[in-house]
Amino acid sequence: MKVFIGSDHAGVSLKSLLKKHFATTCDFEDAGTFTEESVDYPDFAHQVADSVLKHDGSVGILICGTGNGMAITANKHSGIRAALCWSPDIAALAKQHNNANIIVLPARFITPETAFETVEAFFNAEFEGGRHQRRIDKINI
Ligand code: RB5
């Protein structure tokens, strides 16, 4: 699975752990950041959102301190559905009901183990379509 991943300085450590944890199942393309030097989350959210839109079937992972900055930014892109997730159940529903194409993690409020389980649940879930597709069709303005 092609996965575009990006974080700011608050998420850089969790990003490394996720890349190691899913190394055998995911083909990661890392937009950065690569150090703990302070950076601006929109620079990475825009890169990952653009890449997901350009590559059919790919997904994105974005990580910042709360997840909110990344989610707010990525969701400015038409066609991106970025879901802030902090538990496996929420992640599964983000795919099943919202057909999210980017999962956003709050690095300062989630343990690495829960983050692994949350991303795994997102990867394993399938969009249910039907009434959920009808609702998604009403999102764009
Ligand atoms: C960085 O300090 C922090 O503001 C950022 O990671 C994120 O939480 C913003 O939404």
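The values are calculated or read from the model by the stated rules, or taken from the named source; none is laboratory data. In this text, all values refer to a predicted model and were calculated from it rather than measured experimentally. Here Cβ is always computed from backbone atoms with ideal geometry, including for glycine, and neighbour counts include all displayed protein chains. Calculation scope for accessible area: heavy atoms of the full protein, side chains included, ligands and nucleic acids excluded. Shrake-Rupley method; radii C 1.70, N 1.55, O 1.52, S 1.80 Å.
What the table shows:
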{"item": "Protection-proxy order for peptides 97-104, 20-27, 37-44, 77-84, each taking the mean of Cβ atoms within 10 Å per residue, highest first", "result": "97-104, 77-84, 37-44, 20-27"}
{"item": "Rounded accessible area per residue of region 1-102, 1.4 Å, Å²", "result": "47"}
{"item": "Percent RCO, i.e. relative contact order, over region 58-102, from Cα pairs under 8 Å lying at least 6 residues apart", "result": "40"}
{"item": "Value of [θ]222 nm, deg cm²/dmol, for the chain, DSSP H segments ≥ 4, -39500 (n - 2.57) each, nearest 500", "result": "-12000 deg cm²/dmol"}
{"item": "Inter-centroid distance (Cα atoms) of region 1-59 relative to region 76-139, Å", "result": "16"}
{"item": "Packing-based ranking, highest mean first, of 131-139, 54-62 given that Cβ atoms within 10 Å are counted", "result": "54-62, 131-139"}
{"item": "Over region 1-43, equivalent-ellipsoid semi-axes from the Cα gyration tensor in Å", "result": "20, 11, 6"}
{"item": "For the chain, size of Cβ-based charge dipole, Lys and Arg +1, Asp and Glu -1, in debye", "result": "500"}
{"item": "Phi-based couplings in Hz for region 24-33 (Karplus 6.51, -1.76, 1.60; Gly and Pro marked x)", "result": "8, 10, 10, 9, 7, 10, 9, 7, x, 6"}
{"item": "Whole-angstrom Cα spans of the chain along principal axes, big to small", "result": "43, 29, 26"}
{"item": "Whole-percent pair-distance distribution, where bins are 5 Å wide, for the alpha carbons of region 11-76", "result": "3, 17, 28, 26, 19, 6, 0"}
{"item": "Under-5 Å amide H pairs with GLU29, H placed in peptide plane, nonlocal only", "result": "VAL3, PHE4, ILE5"}
{"item": "Accessible area of region 1-129 belonging to carbon and sulfur atoms, whole % at 1.4 Å probe", "result": "50"}
